[in-house]
Structure formats: C-alpha cells, structure tokens
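This report refers to the structure that appears directly beneath it.
The values are calculated or read from the model by the stated rules, or taken from the named source; none is laboratory data. Computed from a predicted structure; not experimentally measured. Using ideal geometry, Cβ is built from the backbone for each residue, glycine included, and neighbour counts are taken over all protein chains shown. Ligands, DNA and RNA are stripped out before the accessible areas are found, and what is left, the full protein with its side chains, is counted by its heavy atoms. Shrake-Rupley method; radii C 1.70, N 1.55, O 1.52, S 1.80 Å.
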Amino acid sequence: MDTIDIIRTIGEAVLSSGLIASLFTLRTTKRKAEEELQEIKATNADSILRTNEEYIVKPLKREINGLRTTVRQLTKVIQKAQECPHAGDCPVRNEMLDVSTNN
C-alpha cells in the first residue's frame, strides 16, 4: 500500500464512523422531538378539557339547576291553583289550557 491508499482508507474509516454517529444522533434527536410532541399534545388536551369545563360545562350546569328550581316552583304553583276557589274562572288557568291545546 502506498501513502495515498493509507490516507484514503483512514479517510473512509473516519467518514463512515462520522456518518454512523450522525445517523445515531439524528435518530436520538427525532425520538426526543416525538416525546416532546406527545407531551405538548397531552398538555393541550388537558387545557382544552379545563377550558370546556370552565366555560361550557359549569355555566350549563348552573343554567340547568336554575331551570329545575323554576320548574319546581311552577309545579307547586300549578298544584296550589287547583285548590283556588276561583279556579273555574281563572284567566291564568284558561290561558295555560289554551296554550296546551294549541300545542
């Protein structure tokens, strides 16, 4: 072997080991980036759930509870109205009957 062949062999060995190291580094970097992406997705999902809970679910629950209270009160009033001595000629009762027959 002459000097040029020795230098070429050493150069090829250095380049091929550098290439392998580069590929290993690239693979490791890709794996870390994928892990970071999964963490970001999980964080975003948690954030979306908290936002939905705060701005959608809780207000709807309050609204539903308010409606339940109103319906309970209305039911009590309707039950008491039947005992009213003027029930036969009550304009409110007649209006409610008209609305229910029209629907």
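Would you please give the FRET efficiency between ARG93 and THR69, computed as 1/(1 + (r/R0)^6) with r the Cβ-Cβ distance and R0 = 30 Å, to the nearest 0.05?
Efficiency, rounded to the nearest 0.05: 0.85.
Which angle from 0 to 90°, rounded to the nearest 10, does the C-alpha axis of helix 91-102 make with the longest principal axis of the chain?
Taking Cα atoms only, the helix is inclined about 50 degrees.
Considering only protein heavy atoms and a 1.4 Å probe, what is the carbon-and-sulfur percentage of the accessible area of the chain?
Heavy-atom surface of the chain belonging to carbon and sulfur, 1.4 Å probe: 61 percent.
Give me the accessible area of GLU95, 1.4 Å probe, in Å² rounded to the nearest 10.
Accessible area, nearest 10 Å²: 110 Å².
Count the lysine pairs in segment 21-97 that are 8 or more places apart or on different chains: how many have C-alpha atoms under 25 angstrom apart?
Final tally of qualifying lysine pairs is 4.
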